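The values are calculated or read from the model by the stated rules, or taken from the named source; none is laboratory data. Since the structure is predicted, the reported quantities are computational estimates derived from the model, not experimental observations. Virtual Cβ from ideal backbone geometry, glycine too; neighbours counted across all protein chains shown.
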Amino acid sequence: MPGADEPPGAARPGRWLVLLAWSWSGLAGAASALWFPDSPVIRHYTWRGEACPGCRDLPPLPVWERMAELAGLGPVRFLQAPDEGLGHAYSAAPDRVVLSPSALNLESCHLNFVVGHELAHLARRHFDEDAIALSVYSGRPANWTGDGEAALQLADGNFGLALRVSHLWQQQEDEADWLGALLAAQASGCSLEAGALAYLGHDAQAGGGLAAAHAPAMERVLRLLPFAESARRLGTLAPP
Ligand SMILES: [Zn+2]
């Protein structure tokens, strides 16, 4: 889910590959990428922005700003978490990406993928999607509150509700993975192999080698493979 990491609709590689091929020549120099899906037309909740204790502002790297631009986002606030408690990175509604100290030491293509993934969560408004789903699945009308944080709190301590929304969270992670990988490719020339696959593969190997890989990381790798050629072509558009 966007709030705690470790991608409307499920990824449809075929559809997007066709769009990529169709729109190739018009991409260079564009502000937002033509291939990046439009912001979904869904209810926009009010987000106060939860406190981030111990976090400090992080000056964004130009490549992060370029990815945000390609995703059609306005200004994004980047923060450094005080520790590794919530993993390498997470996004927080409506406009924040939080990175851990060790994430900042990742190889650049790994870090670009991680940041791209979080930017995709923001651009696709997965937090609003979650607020709607949690409201509906808990039996409330979709508009019972306009307060996004209040809607997300419905999942607190409610394992059954979380289980019912888990399929949506999986779709969101898939979407953030392939969109993040392609953002990193166009913004920095990182291939899928050098960025997303290497990052996730490293994670899998930490569990005892690829043969004994953690299923989630390996599943993410397998779902990303159809995007390797798209990333390679987008990489040719990266600034020198
Ligand atoms: Zn995620």
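Please return the ranges of strands (runs of 3 or more DSSP E) entirely within region 71-179 where 2 or more residues are buried (at least 19 other Cβ atoms within 10 Å of the Cβ). Output list reads 89-92, 96-99. Among the criteria (1) among the aromatic types (Phe, Trp, Tyr); (2) in a helix (DSSP H, G or I); (3) surrounded by fewer than 23 Cβ atoms within 10 Å (Cβ to Cβ), the one TRP64 does not fulfil is (3).
Restricting PRO2, PRO8, PRO13 to residues that are within 16 Å of the ligand (Cβ to nearest atom), out of contact with any Leu (no Cβ under 8 Å at 6 or more places or on another chain) and modelled with pLDDT under 90 narrows the list to PRO8.
Please verify whether region 115-123 includes one or more residues that are more than 27 Å from ALA198 (Cα to Cα) and β-branched (Val, Ile, Thr). Taking every residue of region 115-123 in turn, none turns out to be more than 27 Å from ALA198 (Cα to Cα) and β-branched (Val, Ile, Thr).
Residue-level analysis places LEU34 outside the set of residues that are at pLDDT 95 or above and in a loop (DSSP other than H, G, I, E, B).
Does PRO141 satisfy the condition of being at pLDDT 95 or above and either farther than 22 Å from TRP169 by Cα or of a type outside the set (A, V, I, L, M, F, W, C) (or both)? Please lay out each step first, then the result.
Working: at pLDDT 95 or above: no; either farther than 22 Å from TRP169 by Cα or of a type outside the set (A, V, I, L, M, F, W, C) (or both): yes.
No.
Can you name every residue in region 105-164 that is closer than 29 Å to CYS190 by Cβ and among the aromatic types (Phe, Trp, Tyr)? Hits for region 105-164 are PHE113, PHE127. Can you confirm whether region 103-112 contains a residue that is within 14 Å of the ligand (Cβ to nearest atom) and of a type outside the set (A, V, I, L, M)? No, that holds for no residue.
Every residue in region 180-193 that is in a helix (DSSP H, G or I) and polar (S, T, N, Q), please. Passing the criteria: GLN186, SER188.
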